[in-house]
Amino acid sequence: MFVDTEVRRRGVATAVIKWVAQDAKEHNFPGLYWNTLEDAPARALYDKIGKYQKGLIHYTYRPDANVNP
């Protein structure tokens, strides 16, 4: 999700998340999860509306990009 800087802090992101959550509920999905960077400015919002899952580690795999340094 991306909210243009000119319209941030007006409830747009909160409205989008709530809309997606309602749509998920209507389609029998139990909830939402998302990923963000540790230093993302949006974390202030996410900390208000979501539950931080301490200790959760997110992995991805792409054969062309998974070379250990």
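Other residues within the sphere of radius under 13 Å centred on the Cβ of Lys18, judged by their own Cβ, net out at 0 (K and R +1, D and E -1). Qualifying trypsin sites (Lys or Arg not before Pro) in the chain, where qualification requires a DSSP coil assignment and no more than 12 other C-beta atoms within 10 Å, comprise Arg9, Arg10, Lys51, Lys54. The structure-derived value of Kirkwood radius over Cα pairs in Å appears in the list (1) 14.5; (2) 12.0; (3) 13.7 under the label (1).
Accessible surface for the range 10-49, divided over its residues, is 88 Å² per residue with a 1.4 Å probe.
Qualifying GluC sites (Glu not before Pro) in the chain, where qualification requires a DSSP coil assignment and no more than 12 other C-beta atoms within 10 Å, comprise Glu38. Extension gain, Asp47 to Arg8: 0.36 nm times the residue separation minus the Cα-Cα distance gives 12.4 nm. Ligands, DNA and RNA left out, the accessible area of the chain computed with a 1.4 Å probe is 55% carbon and sulfur. In this simple spin-label approximation, Lys25 and Asp64 carry label points 7 Å from Cα along the Cα→Cβ vector, and these lie 4.1 nm apart. A Cβ-based charge dipole, computed about the Cα centre of the chain with Lys and Arg at +1 and Asp and Glu at -1, lands at about 300 debye.
Extending 7 Å from Cα along the Cβ direction at Tyr33 and again at Ile57 yields two label points whose distance is 1.4 nm.
The values are calculated or read from the model by the stated rules, or taken from the named source; none is laboratory data. Not measured: the values here are computed from a predicted model. Note that we place each Cβ from the backbone using ideal geometry, even for glycine, and neighbour counts take in every protein chain shown. Remember, those area values only see protein heavy atoms, side chains included, never the ligands or the DNA or RNA. Shrake-Rupley method; radii C 1.70, N 1.55, O 1.52, S 1.80 Å.
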